[in-house]
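The values are calculated or read from the model by the stated rules, or taken from the named source; none is laboratory data. Source: prediction; values computed, not measured. With ligands, DNA and RNA removed, areas are computed over all heavy atoms of the protein, side chains included. Shrake-Rupley method; radii C 1.70, N 1.55, O 1.52, S 1.80 Å.
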Amino acid sequence: MKKPSQAAKKAKAKELFTLSHKLLDAAKQLSEHHAAELRYNMQQALEAAKTAAQNDAKKLQALQKKAAEDATKRMTNYQKKVKALLKDIGNEAADGAEKHLDRARDAISDWIKEADKKIPMGGEKLAKVVREVSDAGAKVFKEGRKADRKSTRLNSSHGYISYAVFCLKK
């Protein structure tokens, strides 16, 4: 076998060099193509993730809205029950107070009748003042019960009580 000549070796090296450059260019194009494909796939995945997140956020908002509506309904029912209970308690307390006031007024009236007989001077004036205070207290109690169950009976009858004290001091 014959040894290749120097010129043949140079030609062969040049051919190999050209082929390696072509191979390198092909590899470069392939990697650019893969990089572009990866970028496209990453963009698609990002868009899909955004859409899923938006859908999840909408579902979450819908769940939150539903939970808030349910909580509002439960709170409304609870408030109605509490108001009914307080009304019942208030009516019972007001009825009890009214009965107590009637008994007190009756007791004062009985005492006044007895006092008229026992206290000769000023008994009529004292009896009149006590009757006025008793009647004023009953009137204030009934008006207060109609107008505002929350108001204090003492505050609403303060004027009548002050007047009664003024009359007693005369």
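Below are the figures for this structure:
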{"item": "Sulfur and carbon atoms: percent of accessible area, region 63-110 [1.4 Å]", "result": "60"}
{"item": "For region 84-90, Karplus couplings with θ = phi - 60° (6.51, -1.76, 1.60), whole Hz, Gly/Pro x", "result": "5, 5, 5, 5, 4, 5, x"}
